[in-house]
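First up is the structure itself, then whatever we jot down about it.
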Amino acid sequence: MVDAVVWDIGRVLVQWDFPRIWRDVIPDDAERVAFTTTVVSEAWHFRHDCGEPMADMIAARVAEFPQHRALIERYRTHWLLSVPGPIAGTHPLVERLAARGVPQYSITNFGADAFAMFRPTFPILDHMGAIVVSGEERLAKPDAAIFDLAAARFGHDPARMLFIDDNAANIAAARALGWQVHWFDGDAGALEADLIGLGLL
């Protein structure tokens, strides 16, 4: 039996395209790839997910690459460009679950500064009873500690919650802790079928 659904956000409910922050100022694909792998990168951004403030990250990067100051500072000023829109098909599932009274929550690797900018733009999250944000907790998936924190905060047995994530390591960590899981590969139809099979839709 499953009586609650727990969503990841990035690449499950919303598109996330990190290099898009610089697409209009570095139009050449090869040059943009070079910049977003050597000066800034998803691995560098993950430090924000783990709790490091944007201002500190930017200051340190500018000190290392002063010639790229303006581009590095776009990380903060244009961050919302990296989340261009919803993932096709998942928002209707959230709405349908809400209509049936199914409790919904979220565990997301998201920096605190970025989430503060993003949250007001994404009203589908109003359906979440609680959201555990890695940057606020200074714990990030796939660390078991963030799953334990979330289970305590949500007030449900992990074995009775379905955790949905696009990252295989996060899915493996949750499964090892006794959560029910759905590895989301972009196919909202497969997720819908799983929710139906579990009696949630």
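The values are calculated or read from the model by the stated rules, or taken from the named source; none is laboratory data. As the structure is a prediction and not an experimental result, all values here were calculated from the model. All Cβ positions, glycine included, derive from the backbone under ideal geometry; neighbour counts span all protein chains shown. Please note that ligands, DNA and RNA were not included when accessible areas were found on the heavy atoms of the full protein model with its side chains. Shrake-Rupley method; radii C 1.70, N 1.55, O 1.52, S 1.80 Å.
In the list R69, R76, R160, R138, which residue meets the criterion of being on the phi < 0 side of the Ramachandran plot, in contact (Cβ under 8 Å) with a residue 40 or more places away in the chain and of a type in the set (D, E, K, R)?
Only one candidate passes the filter, namely R160.
Yes/no matrix, rows are residues, columns are (1) closer than 22 Å to L139 by Cβ; (2) in a helix (DSSP H, G or I):
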residue: P27; (1), (2): no, no
residue: R32; (1), (2): no, yes
residue: F35; (1), (2): no, yes
residue: A55; (1), (2): yes, yes
residue: I58; (1), (2): no, yes
residue: A63; (1), (2): no, yes
residue: A70; (1), (2): no, yes
residue: E73; (1), (2): no, yes
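The single residue among M57, M1 that is farther than 18 Å from F110 by Cα and in contact (Cβ under 8 Å) with a residue 12 or more places away in the chain turns out to be M1. With respect to V40, determine if the residue is in contact (Cβ under 8 Å) with a residue 24 or more places away in the chain, in a loop (DSSP other than H, G, I, E, B), farther than 21 Å from S106 by Cβ and of a type in the set (A, V, I, L, M). Yes.
In a residue-by-residue description of segment 15-25, the property of being touching a strand residue (DSSP E or B) at 6+ places or on another chain (Cβ under 6 Å) and under 30 Å from H91 (Cβ atoms) applies to at least one position. Scanning segment 11-33 for residues that are surrounded by fewer than 21 Cβ atoms within 10 Å (Cβ to Cβ) and within 25 Å of A99 (Cβ to Cβ) yields R11, Q15. Annotation note: Cβ proximity below 8 Å between a residue of segment 102-115 that is without any contact (Cβ under 8 Å) to a residue 60 or more places away in the chain and a residue that is open to solvent by less than 10 Å² (accessible area, probe 1.4 Å) and in a strand (DSSP E or B) (sequence gap 6+ or interchain) occurs for F115/T108; F115/V133.
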